[in-house]
Structure formats: structure tokens, C-alpha cells
Ligand code: AMP
Ligand code: MG
């Protein structure tokens, strides 16, 4: 599709309510080759027409995302996904069990796929997801085509879970922000590759390993070989705040902000507790919001309390390790 995008519409994106009128306006912008931030159950996404090279190019430019990092194509149903990707029996089983929801499946590209090469970073595989958030689904249906949508933040920065986070990071680079409130899960989707061999976990996320393995009846393989190279969400430095992170902190130093879990730092200034009751779903939902908030304090370091690695803790600790990794590797 030809882009009618006009740079004169920049620099500052409007934020509008994600009601029926807002979704219709967003879909019209996407039809014209524009890019729109929208809420999902995971984090805010930045959507473009996945069938348009020009529109997808705008996503990479707005995020300053390396063009070798492929995007997830969001579709409204398994039927729509089957037009884009070749689903093995295992992939279909996972899709039927977890869609709509926060699971992304990487499958071989279908012969008649309409998602453009740029959205796939030129790969012969495609990442597909059916979101459950009603604004996200409404936007896909209104646009009437797959939407390429990475998280709506500059590459390497903390993912946004509110419209305000998007506005701070990207409003000079995108066309519109649909405000649908805070994202309920707060962590990106789990990415599973169903290519050759057993299904592989490429990125832990909002759908837990234990739930996926229960449906598969087998353990997930880890990332390995060339797939890992093509899954830059696995790069070390990602999701990074400006402040340095000190992980597994048992105590808080006076110069530090604190990201607590289960109240071990006590009631102190500049401390936010992910979950006083040690509830991992609550901690996941708060993670990026609290990282944004603590980072805005302008302190040099954030101490992070230990978080158990079971269930959603696997994805939480994955994001924290990336946020703490040396910069410049993503
Ligand atoms: P993001 O859009 O930042 O949430 O990241 C999407 C994740 O899916 C990244 O880790 C990508 O590398 C991964 N991904 C997307 N498409 C593919 C693909 N065709 N093959 C392997 N990984 C993919
Ligand atoms: Mg991202």
C-alpha cells in the first residue's frame, strides 16, 4: 500500500481516548501509512500496517530500532494467522490454548503471506499473536489487516504501560496515542518458536513456562543456534532505565532508589514495592511503571530486591537482568 504519511503532522502526537471514535481515527491513520500507539494486555504497542514496507519503515525510524530486529504481526484470529504462517500441530495446539492472549508464535512464513519483508526483517519465519485486549483487537479489526507492533518505546528503553509513558518517549515521532488506561499484565508476550524440532522459548513473558509446558505435555527447549541470533529481544541490554540497577539487593543504600518486593527495604523514601504480598502477577503489572517512576527521580542507582524465579518471576528477572546489563548491546 502506498504511504500518504505527511511529516507536517509532526512533531507532537495527540493522545485521545481509546473509544469507538478513537479506534476509528487510529485505523484511518494506519490506512494512510501512519503509526499509532495503542494499549494491549502486555504493554503499549506501536502499530503500523504490516503489509506496507513504508509504514513499517516508520516504526523502525521512530523507535531507532535496528532493522534486523523483526516485529510481531498482530492479527484478530487464528484463521487470520493461518493466512500468514504455517502452523505445525504443536503450534495450532498452542494457539488454540492461549489465543487470544500474551503468547507470540514464530512459525514458517506461509506462501501467500501479506506481511511485508521489512516487518519480518527479511526472515522466512513470522511472529504472530492474537491479543486479548479489546482496544487492540478492535484496532486490528477496524484496520482490516495485520498490524506490525513492537512496544511503543525507543529501542532499548523501558516498555510503556501507560499512554503517558508513550508520550514522554515518542510523541515527537508518531502520529497518535490511543489512551486505554494502564496495561493489565505489564510484561511483553512470551515468544515461542515452532520451527524445526521441539517448540523453543525465545523470550519469557506474560504467559508462564509452566502453563505452556502443561499444554504441550513436554518441556520447552531454550533458545539455540541461529534462531537466537534472529531474536534480538534476547540481546543483553534492553528495557534499560537511565539509572543503573543493582540486582538481588538485600539492603538499600542512602543514595539509592529502591524497587522492593515483599517489603524487605522497609517504608523508606524513594522506594516502591512491586508487591508487598509477594504476588508475582501484581509485581509484573507494576514492574515497568515503577521503573519509569523511580528512574524519573534522577538518582544514579536503583537497588532491586530479590524476586523468586518461578512462574512470572522468570520473565520479571529476565527483564531486570537486561535492564541491568552494560549499555550499547541493543
Ligand atoms: P518486540 O517487538 O520488541 O516485543 O520483540 C519481538 C520479539 O519477537 C523479538 O525478540 C524478536 O526478535 C522476536 N521475533 C519477531 N519475529 C521473529 C522471527 N521471525 N523469528 C524469530 N524471532 C522473532
Ligand atoms: Mg520492546
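The values are calculated or read from the model by the stated rules, or taken from the named source; none is laboratory data. The model shown is predicted, which means the values in this text are computed figures rather than measured ones. Counting neighbours? That spans all protein chains shown, and the Cβs are built from the backbone with ideal geometry, glycine included.
Yes or no: residue 71 in contact with a strand residue (DSSP E or B) (Cβ under 7 Å, 6 or more places away or on another chain), within 29 Å of residue 239 (Cα to Cα) and surrounded by fewer than 21 Cβ atoms within 10 Å (Cβ to Cβ)? Against the criterion (in contact with a strand residue (DSSP E or B) (Cβ under 7 Å, 6 or more places away or on another chain), within 29 Å of residue 239 (Cα to Cα) and surrounded by fewer than 21 Cβ atoms within 10 Å (Cβ to Cβ)), residue 71 does not qualify. Residues in region 186-203 that are surrounded by fewer than 23 Cβ atoms within 10 Å (Cβ to Cβ), more than 10 Å from ligand 1 (Cβ to nearest atom) and in contact (Cβ under 8 Å) with a residue 12 or more places away in the chain: 197, 198, 201. Taking residue 95 as the residue in question, decide whether it is without any contact (Cβ under 8 Å) to a residue 40 or more places away in the chain, in contact with a strand residue (DSSP E or B) (Cβ under 9 Å, 6 or more places away or on another chain) and outside any loop (DSSP other than H, G, I, E, B). Criteria met by residue 95.
Using the structure shown, decide if residue 180 is in contact with a helix residue (DSSP H, G or I) (Cβ under 9 Å, 6 or more places away or on another chain) and modelled with pLDDT under 95.
Numbers: in contact with a helix residue (DSSP H, G or I) (Cβ under 9 Å, 6 or more places away or on another chain): yes; modelled with pLDDT under 95: no.
The answer is no for residue 180.
Of all residues in region 4-53, those satisfying the criterion of being at pLDDT below 95 and surrounded by fewer than 17 Cβ atoms within 10 Å (Cβ to Cβ) are 4, 6, 7, 8, 9, 10, 11, 12.
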